[in-house]
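Report on the following structure.
Readers should treat all values here as calculations from the given coordinates under stated rules, not as data from a laboratory. Please read these numbers as outputs of a predicted model, since none were measured by experiment. Don't worry about glycine lacking a Cβ; one is built from the backbone with ideal geometry, like all the others, and counts go over all protein chains shown.
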Amino acid sequence: MAQRSKIRNQFLALLLKPFSYRYYQHKPDYNFIITLGIIIFFGLLILSSASSIHAFQKFGDSYWFVKHQILNGVLPGLILFFFASQLDYRKWKKCAFWMLAATIGLLILVFIPGIGVSHDKARSWIALGPLSFQPAEVIKFTFLVYLATWLEQKGQKGLKDVQYGLMPFLFTLGTITFLILAQPDLGTLLIVIALSVIVYFVAGAPWKHILGIMIIGFIIIFIAIQVAPYRLNRITAFFNPEVDPQGISYHSNQAKLAIGSGGIFGLGMGKSRQKFNYLPEVSGDSIFAVFAEELGLIFSLLLLYLFFNLASRGIKIARGSPDEFGKLLTIGAVGWITFQALVNIGAMVGLVPLTGLPLPFISSGGSAMAVAMFSCGVVVNISKQTR
């Protein structure tokens with residue numbers, strides 16, 4: 001009788017193996033989801049205030065940027081978030097290569113006249129009728145999925161091999177680096193390199209390989225700064241904020257003035273003075289300065305805590321992940337979001353040079369919002385299967 005029961009259980013386990021992950025699912029990490037929701041709420045709230053003057057002057061509608069963020073970022077992001085949270089994350093392995101190849105194809109399309117669209121100095125958008133998006137934002141997710149899949153397949157032994165481990169990795173990263181620099185988009189490249197180093201390190205790569213990647217990354221960034229005068233000006237303004245206060249130091253000085261004006265409790269919602277055409281990019285990479293000016297130090301620290309909490313929950317999910325692929329996906333997703341947030345906020349308070357990177361879930365940008373929410377949806381699916 002016991003033997004018959006054992007055979008029956010083995011047969012059922014074999015029969016249900018393709019769907020077995022569903023039987024081990026539990027409730028998702030609600031702390032992670034609630035934290036993400038609060039950050040997005042803060043983003044829409046401050047965007048409605050920070051962008052109102054610029055939106056009215058440019059479009060005749062004070063809420064244009066908020067409407068655009070909701071329609072092109074939050075709503076598609078919610079759909080993608082729900083889809084990714086329900087789909088077993090292991091399925092992304094099967095299409096990792098093709099997703100990356102398709103995204104690289106999109107990065108090439110931005111240079112084709114009639115398809116690629118320029119904004120300011122960067123040619124990084126694709127416009128298809130009323131639809132427009134940034135392939136550079138999509139590459140963050142597709143490269144992460146490919147990298148996690150590839151690193152899991154290589155294992156510890158393969159990672160230590162220079163010919164079959166490090167060189168293919170550098171070739172793929174180099175291809176993406178070349179296409180992003182050609183746009184040019186140094187901020188996104190910084191995130192891609194940081195994401196690569198974080199995931200490569202967590203996968204257990206040798207220190208000398210990681211150090212080599214970092215050195216190559218610094219060399220590329222150094223060359224990119226030297227060939228573009230406006231990037232070199234940002235470095236100069238960072239080390240010497242008093243130089244040319246009406247020129248190269250203007251942006252960073254106005255950001256610090258906004259943050260300092262907010263004090264502990266802020267001037268109050270909608271009462272920012274710097275958004276009245278004093279502070280550049282109030283709906284983009286400078287939005288934290290307006291946030292601090294209107295809501296003050298207390299809410300600024302709360303926002304920082306929310307990003308750190310998102311990261312800590314992500315680390316906890318990664319530790320309990322059923323496999324290496326899930327661990328690397330989670331660390332990569334929360335690592336890129338947290339690193340980007342810290343670089344953006346650090347630039348506003350003068351800890352790092354200005355990079356042009358937006359603040360995740362806060363700054364205006366539909367593509368960035370949708371892709372980041374999609375990535376968080378994958379993390380939520382992993383959280384439902386943690387040990």
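A few notes on this one:
- Distance histogram for segment 28-383 (every C-alpha pair counted, 10 angstrom bins, percent rounded to whole numbers): 5, 24, 34, 26, 9, 1, 0
- Farthest positive-ward along the chain dipole, Cα basis, beta-carbon charges - from P184, L257, L87: L87
- The charge dipole of segment 28-383, taken about the Cα centre with unit charges on the Cβ atoms of Lys, Arg (+1) and Asp, Glu (-1), comes to about 520 debye, rounded to the nearest 20.
- Across the chain, Cα pairs under 8 Å and at least six residues apart give a relative contact order of 28 percent.
- Cα-only Debye scattering, segment 23-79: base-10 log of I(q)/I(0) at q = 0.16, 0.20, 0.24, 0.29 Å⁻¹: -0.59, -0.77, -0.94, -1.10
- Around the Cα centre of segment 68-127, unit charges on the Cβ atoms of Lys, Arg, Asp and Glu (plus for the first two, minus for the last two) sum to a dipole of about 240 debye.
- The C-alpha atoms of the chain define a longest principal axis, and helix 186-202 lies at about 30 degrees to it.
- GNM on the chain, alpha-carbon springs under 10 angstrom: the most fluctuating residue among A318, A50, A205 is A205.
- Signed unit charges on C-beta, dipole axis of the chain, positive-most listed residue P322, F171, A101: P322
- In plain terms, the C-alpha convex hull of segment 123-280 casts an average shadow of 13.4 nm² when viewed from every direction.
- Acute angle (nearest 10 degrees) that the helix 135-159 long axis makes with the longest principal axis of the chain, alpha-carbon atoms: 40 degrees
- On Cα atoms only, tilt of 167-182 relative to the major axis of the chain in degrees: 30 degrees
- Among L357, L75, L342: highest mean-square fluctuation, GNM of the chain, C-alpha pairs under 10 Å: L75
- When the listed pairs K67/K275; K275/K316; K91/K208; K67/K93 are checked against a 30 Å cut-off, the alpha-carbon distance exceeds it for K275/K316; K91/K208; K67/K93.
- Calculated mean residue ellipticity, 222 nm, the chain: -22000 deg cm²/dmol, from DSSP H runs (n ≥ 4) at -39500 (n - 2.57) each, averaged per residue and rounded to 500.
- Bridge orientation summary for segment 28-383: considering DSSP beta bridges with both residues in this region, about 90 percent are antiparallel.
- Where N is the number of residues in segment 347-387, Cα Rg divided by 2.2 N^0.38 Å: 1.61
- Sorted by Cβ neighbour density within 10 Å, fewest at the top, the residues W336, W98, W64: W98, W64, W336
- The calculated FRET efficiency for the pair S132 and F97, based on their C-beta separation and a Förster distance of 30 Å, comes to about 0.70.
- Residues T386, T236, sorted so that the one with the fewest Cβ neighbours within 10 Å comes first: T236, T386
- For segment 263-375, diffusion coefficient by Stokes-Einstein and Kirkwood Rh (Cα), 20 °C, 1.002 mPa s, µm²/s: 142 µm²/s
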